[in-house]
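See below for the structure under consideration.
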Amino acid sequence: MSFQLNPIVMSGREALPLIEGGKGIAISNGESSGAWAATGGIGTFSGVNADTIDDDGNMVDQPYHGKTRRERHDELIAHGVRGGIYQARVAYETAKGGGPIHMNILWEMGGAEEVLHGTLQGAKGLIDGVTCGAGMPYRVAEITASYGVYYYPIISSARAFRALWKRSYHKFPEWLGGVVYEDPWRAGGHNGLSNSEDPQVPEYPKPRVRALRKIMNEVGLHNTPVIMAGGVWRLDEWADWIDDPEIAPVAFQFGTRPLLTTESPISDVWKQRLLTL
């Protein structure tokens, strides 16, 4: 199928509407996200307990010296902040002024707010946007806006976005860079099914995304992109979405496919295994 893919404005900059999804456990790092952004897309590194690498290329250990659970938790947060700042710097330098750099964080992880504050403060000017899911991230808007950074909530239904908008996001509309629809049946990561949805009966995503766009338009977010995530492998399978007036503007997030790139930090054994699944 032939189609035209045009740049759109995201995080205050023009970029191709192609996003590397942020995968935790140090899988989406500064090198992979920076390389993606260098080609004109939007790179996303994981801020979930990110690794720090020393000048010799060795991973910095994360020792815990605290005698209490609270003390060790504080050490964990400090490690996470240090790693987030490090990966942001690598991503920024690797991108060389290409597309935006985003940080991905899980709202329900321990110390999420502290890690977000610490990383955005320590990596000021290096991070353009924050994607955040794994829960209902009400406060992510207030936190990111205070640093002049765009926020991208990850939701799995129009109803979830409506709740977030009414409670918090309507106060910070200018910093809402986009809304990530992570399909609860197709996503390889978090699957946000509600009690009213049957995990054995997948729903086609287009009507659900159209419902999301309708709500966004009702509150004046006509130009704010919807980002389709989960099950995006071949872009030509989604070509009819690009100019659909009931969806556009739209961007696409690739989670699994970037695992196979040269810059992906996973092992070659893992990459070869993925090719046989």
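The values are calculated or read from the model by the stated rules, or taken from the named source; none is laboratory data. These figures come from a predicted structure and were not determined experimentally. Ligands, DNA and RNA are stripped out before the accessible areas are found, and what is left, the full protein with its side chains, is counted by its heavy atoms. Shrake-Rupley method; radii C 1.70, N 1.55, O 1.52, S 1.80 Å.
Structure values in brief
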| read-out | value |
| --- | --- |
| Heavy-atom surface of the stretch 95-161, accessible at 1.4 Å and reported per residue (Å²) | 33 Å² |
| The chain: relative contact order in percent, alpha carbon pairs under 8 Å with at least 6 residues between | 18 percent |
| Percent antiparallel among DSSP beta bridges (both partners in the chain, rounded to 5) | 10 percent |
| Acute angle (nearest 10 degrees) that the helix 158-167 long axis makes with the longest principal axis of the chain, alpha-carbon atoms | 60 degrees |
| Theoretical ellipticity at 222 nm over the chain - DSSP helices of four or more residues, -39500 (n - 2.57) apiece, nearest 500 | -10000 deg cm²/dmol |
| Contour minus Cα-Cα distance for Asp268 and Asn191 (0.36 nm per residue) | 25.0 nm |
| For the stretch 1-90, accessible area per residue (1.4 Å probe, heavy atoms of protein chains only), Å² | 52 Å² |
| Segment Asp61-Arg159, length gained on full extension (0.36 nm per residue, minus Cα span) | 31.1 nm |
| P(r) histogram, all alpha-carbon pairs of the stretch 163-204 included - 10 Å bins from 0, percent | 24, 37, 32, 8 |
| Whole-angstrom Cα spans of the stretch 17-85 along principal axes, big to small | 47, 27, 15 |
| Solvent-accessible area, 1.4 Å probe, carbon plus sulfur percent, for the stretch 64-184 | 51 percent |
| Carbon and sulfur %, accessible surface of the stretch 1-45 computed with the full protein complex present, 1.4 Å | 55 percent |
| Shape call, the stretch 41-130: gyration tensor on alpha carbons, a/c limit 1.5 | oblate |
| Mean Cα-pair separation over length for the stretch 92-230, i.e. relative contact order, pairs under 8 Å, 6 or more apart, % | 20 percent |
| Distance from the stretch 216-245 to the stretch 43-84 (C-alpha centre basis), Å | 36 Å |
